[in-house]
1. So who's got an amide H within less than 5 Å of the one on L104, skipping anything under 5 residues away but keeping other chains? H placed 1.01 Å off N, in plane.
2. So for each of 106-119, 43-56 I average, over its residues, the number of other beta carbons within 10 Å; can you give me the resulting order with the highest mean first?
3. How big is the accessible area of F84 in square angstrom, nearest 10, if you roll a 1.4 angstrom probe over the protein chains?
4. Taking 0.36 nm per residue of separation and subtracting the Cα-Cα distance, what length does fully extending K109 through F149 add?
5. Cross-link candidates for K98: which lysines have Cα within less than 19 Å, leaving aside residues fewer than 8 places away along the same chain?
6. Just subtract the alpha-carbon distance of T79 and K133 from 0.36 nm times their residue separation and send over the number in nm, one decimal.
7. Using modelled backbone amide H atoms (1.01 Å from N, in-plane), which distant-in-sequence or interchain residues come within less than 5 Å of L30's amide H?
8. Taking R0 as 35 Å, what's the FRET efficiency between R126 and S52 from their Cβ-Cβ distance, rounded to 0.05?
Amino acid sequence: MSIYQFYQQPLYWQQFEDLAVELLREVYRLPDAQAFGRPGQAQYGVDVFGTSDEHGLIALQCKRMSDTDKNGNPYPGGTISKKFLFDAAEEVKGFPEKISYWILATTAKRDTAVQLYVQELNRRWREEGFECKAIVWAWDDCVTYLNSFPDLQQRYYRDVIQIRSSRDLDEMIIETIAIAFHRRAFEASLHIETWLEFEQALQDTHRALRTACRSDQQTHHPSHGWGMAADQRP
């Protein structure tokens, strides 16, 4: 029986980039997928790339938000503006090799506005004769891929999230719960927040608690994957 699992987004930039490498390897069968360059070098809007006989060169950029955690590390994801997308797309044109697909990956939720920006970008590229197709991967898409490739699930826990023991998992679950309660709607006065915003905050927190704290009925230990079946643990 197949169980669709929820996965917490990587908290740190390097984790998200590591996941992007693994996603390209699995989704497009690119065994040579790897990070491109290092911070400070010209990357032409590309963080990860790989090639195949079927697809040619596929390049991916990870979008991170400007907010930082308690240790000063930037969280990945965040809102993608039209300006950001088109500015990044201009950088891609300077890449030394011909790119077949350029993917913008983010831990932000799927957004119709961003999807329409991508359609507009592809239309502009066609008109300019630039033979490359842009794609956006929201976190929803990343979760779908994680559920589609069992080997990728295992590597996500082992190599990206780096869960080595039950203690590691417990710490991550506690951090997830803490994040779930850190909502503006719970801190601001009720006359500032609308009822719909407060209700949404309650629903999101309930979902986080339900998926993070679900226990194995036999062992009473929290299950991996925030809703993951006990017999599918890494």
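1. Q61, I135, V136, W137
2. Going by the mean number of other Cβ atoms within 10 Å, highest first, we get 43-56, 106-119.
3. 70 Å²
4. Details: separation 40, 0.36 × 40 = 14.40 nm, distance 2.07 nm.
Taking 0.36 nm per residue and subtracting the Cα distance, the gain is 12.3 nm.
5. Straight-line reach from K98, under 19 Å: K133.
6. Working: separation 54, 0.36 × 54 = 19.44 nm, distance 2.12 nm.
Additional length available on full extension: 17.3 nm.
7. For L30, the qualifying residues are R25.
8. Step by step, r from the Cβ atoms, then E = 0.95.
The values are calculated or read from the model by the stated rules, or taken from the named source; none is laboratory data. Everything numeric in this text was worked out from a predicted model, so none of it was measured. Here the Cβ is made from the backbone with ideal geometry for all residues, glycine too, and neighbour counts use every protein chain on show. What goes into the accessible areas is simple: the full protein's heavy atoms, side chains included, and nothing from ligands, DNA or RNA. Shrake-Rupley method; radii C 1.70, N 1.55, O 1.52, S 1.80 Å.
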